[in-house]
1. Among the residues of the stretch 147-159, write down those that are open to solvent by less than 10 Å² (accessible area, probe 1.4 Å) and out of contact with any strand residue (DSSP E or B) (no Cβ under 7 Å at 6 or more places or on another chain).
2. Looking only at the stretch 117-141, which residues are over 18 Å from L46 (Cα atoms) and open to solvent by less than 10 Å² (accessible area, probe 1.4 Å)?
3. Give just the number: which of (1) part of a loop (DSSP other than H, G, I, E, B); (2) modelled with pLDDT under 95; (3) surrounded by 20 or more Cβ atoms within 10 Å (Cβ to Cβ) does N144 not satisfy?
4. Is there any pair with a first residue in the stretch 204-222 that is in contact (Cβ under 8 Å) with a residue 40 or more places away in the chain and a second that is part of a strand (DSSP E or B) and surrounded by fewer than 15 Cβ atoms within 10 Å (Cβ to Cβ) whose Cβ atoms are under 7 Å apart and which are 6 or more apart or on different chains, and what are they?
5. Only one of these conditions is not met by I199: (1) modelled with pLDDT under 95; (2) under 19 Å from D70 (Cβ atoms); (3) out of contact with any Pro (no Cβ under 9 Å at 6 or more places or on another chain). Which number is it?
Amino acid sequence: MSWFKSKPEVPEAYREYAESIRGLKRSTTPIRNQKFLVVDTETTGLNVNTDSIVSIGIVPIRGYVIHSEDTREWIIQSDQPSGGGASIHGVMPHDQRSGIPAKEAAEEFLMAADGAIVVGHHIGFDAAMLDVFLRHQLRVPFLNPTYDTGHMFRRLKGTPYRLLDMEPAVEALDKICEDLGIPIDDRHTALGDAAATAILFMRLLKDLEKRGVNTTAKLLAR
């Protein structure tokens, strides 16, 4: 890990986080035993370089069980307006002023992401935003392997999948959940979207497992 050698100031907690996900892409851990963290971010806009995270929602999963006691949503403290997205994600200026400090949210997110495969719908954007967020707050990159439920849905359908500007060519979360009869509450809040994605992920994961995708390595092999 040459990155660590050149950055001796890296917090010990981050070293533990990095070690916890080393080798996940080659792991023979059964899917049922693997830790997954379903993540959704709400942001001030869609530009990774100029916009920022307003809130982060997480839903931990292991053994096809949502661990509701560890479900969290962080509204990031800020005096800056949350952009035109406030009418969509519902995070208002007074929510941001009373939110959690960004550095504290970053530290808590890393603890939650320890040893996890991070899952999301159109996860490429969320992962890119989280990478910028973690680098800015803690000077560390986002390292978790990710898995996209949009790709997962197409994988099961046998439909070609491609990435263009981090956005998979796939149906919206609402449409897939509607087709599968999965209810969505609090749509366009970080926690509401993460919860719906978590249910979708478990539904599709069971189907993949039936097709022989039964280890972490096989899942991440795409």
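1. Matches in the stretch 147-159: M152 only.
2. If the condition is that a residue be over 18 Å from L46 (Cα atoms) and open to solvent by less than 10 Å² (accessible area, probe 1.4 Å), then I117, V118, V119, V140 are the ones that fit.
3. Evaluating N144 over (1) part of a loop (DSSP other than H, G, I, E, B); (2) modelled with pLDDT under 95; (3) surrounded by 20 or more Cβ atoms within 10 Å (Cβ to Cβ) leaves (2) as the failure.
4. Going by the 7 Å Cβ cut-off, the qualifying pairs are N214/P30; T215/P30.
5. Exception for I199: condition (3).
The values are calculated or read from the model by the stated rules, or taken from the named source; none is laboratory data. Source: prediction; values computed, not measured. Cβ coordinates were reconstructed from backbone atoms using ideal geometry, including for glycine residues, and neighbour counts include every protein chain displayed. These area figures cover heavy atoms from the full protein model, side chains too; ligands, DNA and RNA do not enter into them. Shrake-Rupley method; radii C 1.70, N 1.55, O 1.52, S 1.80 Å.
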